[in-house]
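Beneath this line is the structure, given in structure tokens, with notes to follow.
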Amino acid sequence: MELFRFEITEVNEGDRIDKFLTDNIDFVSRSYIQKMIKDGKVSVNDKIVKPSFVLKAEDQIYFELPDNVEPNIEAENIPLNIIYEDSDLILVNKPKNMVVHPANGHYSGTLVNALMYHCKDLSGINGVLRPGIVHRIDKNTSGSLIICKNDKSHQDIAGQLKAHSIKRVYHAIVHGKLYEDGTINKPIGRDPKDRLKMAVVTNGKEAVTHYTVLQNFENYTYISCQLETGRTHQIRVHMASIGHPILGDDVYAFSQKSPYKCEGQTLHAKTIGFIHPTTQEYMEFDTELPDYFKHLLEIMK
């Protein structure tokens, strides 16, 4: 068992305790911290508290972290579609139906399992469940991902993501016809009616998506979307919010039936551009649309 003690200063006064501990114990997820608090493993001034407890200056936090917080993740010989690789980074084209990193009840067959087989070194900032992972895309979204091999490159790329300076362009097929390019600027947060979903909510985080019409079909539109921010399910939520959900999205387009077998949303992370953490040169990579996506476009034509 590992013991943690913190004394709160004025800098962190007003923080929720679950957020504070997540920020200060970087190898443990916020959901795990919340579970530990609910299980009575965390005390403030010798009193058990709730995850929403608000900290004050001079508060004394005591946290007992049980052994074996996270399971051992095994390396697996799973083929990777590598776009680019050097001593700092790997860029991969993730296929549809592959989970990015292990989570409760799903510890094999992920991109992380494959990366661990391919690489001896991956950044450790996000803990044993997410080595090297600095950003992610959904299981049923394909396309470009940056993976970091060391903590220096991880911190650099994470900083670019936070500053919204990384170029990320997705291609998608949406329901209905769009005739003009546009920008969606609507805040996104947890859906108050369904905590497993995201939604446009007034108290959400700023989210901006720029979309461009590439081609119109009878009942659908082929578009590209450039992210200015990177919220969870951002493109899926934004396009659904203007009445044009993504084809095949079984969460946000459930009311609009698809005549095609898409196995999840038709969404592909096509282009990614960033400043290399060591050379400081701008790099941009473009990936081909997956075969199922190209086949759908041919059918629609």
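Within the stretch 186-203, being at pLDDT 90 or above and either exposed (fewer than 13 other Cβ atoms within 10 Å of the Cβ) or in a loop (DSSP other than H, G, I, E, B) (or both) holds for LYS186, PRO187, VAL201, THR202, ASN203.
Only one of the listed residues (TYR252, TYR222, TYR260) is touching a Gly at 6+ places or on another chain (Cβ under 8 Å), touching a residue at least 24 places away in the same chain (Cβ under 8 Å) and among the hydroxyl-bearing types (Ser, Thr, Tyr). That residue is TYR260.
Here's the yes/no breakdown for (1) modelled with pLDDT of 90 or more; (2) aromatic (Phe, Trp, Tyr); (3) in contact with a strand residue (DSSP E or B) (Cβ under 9 Å, 6 or more places away or on another chain); (4) open to solvent by 40 Å² or more (accessible area, probe 1.4 Å):
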site	(1), (2), (3), (4)
VAL92	yes, no, yes, no
PRO95	yes, no, yes, yes
PRO102	no, no, no, no
TYR107	no, yes, no, yes
GLY124	no, no, no, yes
LEU129	no, no, yes, no
GLY132	no, no, yes, no
ILE157	yes, no, yes, no
ILE166	yes, no, yes, no
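Quick one: is SER153 within 13 Å of PRO277 (Cβ to Cβ), buried (at least 21 other Cβ atoms within 10 Å of the Cβ), free of Cβ contacts under 8 Å to residues at least 40 places away in the same chain and not β-branched (Val, Ile, Thr)? It is false that SER153 is within 13 Å of PRO277 (Cβ to Cβ), buried (at least 21 other Cβ atoms within 10 Å of the Cβ), free of Cβ contacts under 8 Å to residues at least 40 places away in the same chain and not β-branched (Val, Ile, Thr). If you go through the stretch 135-144 and keep only what is surrounded by 22 or more Cβ atoms within 10 Å (Cβ to Cβ) and not hydroxyl-bearing (Ser, Thr, Tyr), you end up with just GLY143. Within the set ASP121, ASP138, ASP156, the sole residue that is more than 15 Å from the chain's Cα centre (by Cα) and either under 30 Å from LEU214 (Cα atoms) or not in a loop (DSSP other than H, G, I, E, B) (or both) turns out to be ASP156.
Let's see how each residue does on (1) open to solvent by 20 Å² or more (accessible area, probe 1.4 Å); (2) more than 25 Å from SER165 (Cα to Cα); (3) of a type in the set (A, V, I, L, M); (4) part of a strand (DSSP E or B):
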site	(1), (2), (3), (4)
HIS238	no, no, no, no
GLY243	yes, yes, no, no
VAL251	yes, yes, yes, no
PHE254	yes, yes, no, no
THR278	yes, no, no, no
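Restricting attention to the stretch 7-59, the residues that are open to solvent by 40 Å² or more (accessible area, probe 1.4 Å) and either at positive phi or hydrophobic (A, V, I, L, M, F, W, C) (or both) add up to 9. Here ILE299 fits the description: among the aliphatic types (A, V, I, L, M), out of contact with any strand residue (DSSP E or B) (no Cβ under 9 Å at 6 or more places or on another chain) and open to solvent by 10 Å² or more (accessible area, probe 1.4 Å). Which residues, counting only those in the stretch 207-228, are open to solvent by less than 40 Å² (accessible area, probe 1.4 Å) and either touching a Leu at 6+ places or on another chain (Cβ under 8 Å) or closer than 23 Å to ASP194 by Cα (or both)? Hits for the stretch 207-228 are ALA207, VAL208, THR209, TYR211, VAL213, TYR220, THR221, TYR222, ILE223, SER224. Taking the stretch 1-52, which residues are in a strand (DSSP E or B), touching a residue at least 40 places away in the same chain (Cβ under 8 Å) and out of contact with any helix residue (DSSP H, G or I) (no Cβ under 9 Å at 6 or more places or on another chain)? Across the stretch 1-52, the qualifying residues are GLU2, LEU3, ARG5, GLU7.
Taking the stated definitions as given, is GLN265 assigned to a loop (DSSP other than H, G, I, E, B) and not hydroxyl-bearing (Ser, Thr, Tyr)? Considered against the rule, which asks whether it is assigned to a loop (DSSP other than H, G, I, E, B) and not hydroxyl-bearing (Ser, Thr, Tyr), GLN265 comes out as yes.
The values are calculated or read from the model by the stated rules, or taken from the named source; none is laboratory data. Note that the coordinates shown come from a computational prediction; the quantities given were computed from them, not determined experimentally. No Cβ is skipped: glycine too gets one built from the backbone with ideal geometry, and neighbour counts run over all protein chains shown. Ligands, DNA and RNA are excluded from the accessible area calculation, which covers all protein heavy atoms including side chains. Shrake-Rupley method; radii C 1.70, N 1.55, O 1.52, S 1.80 Å.
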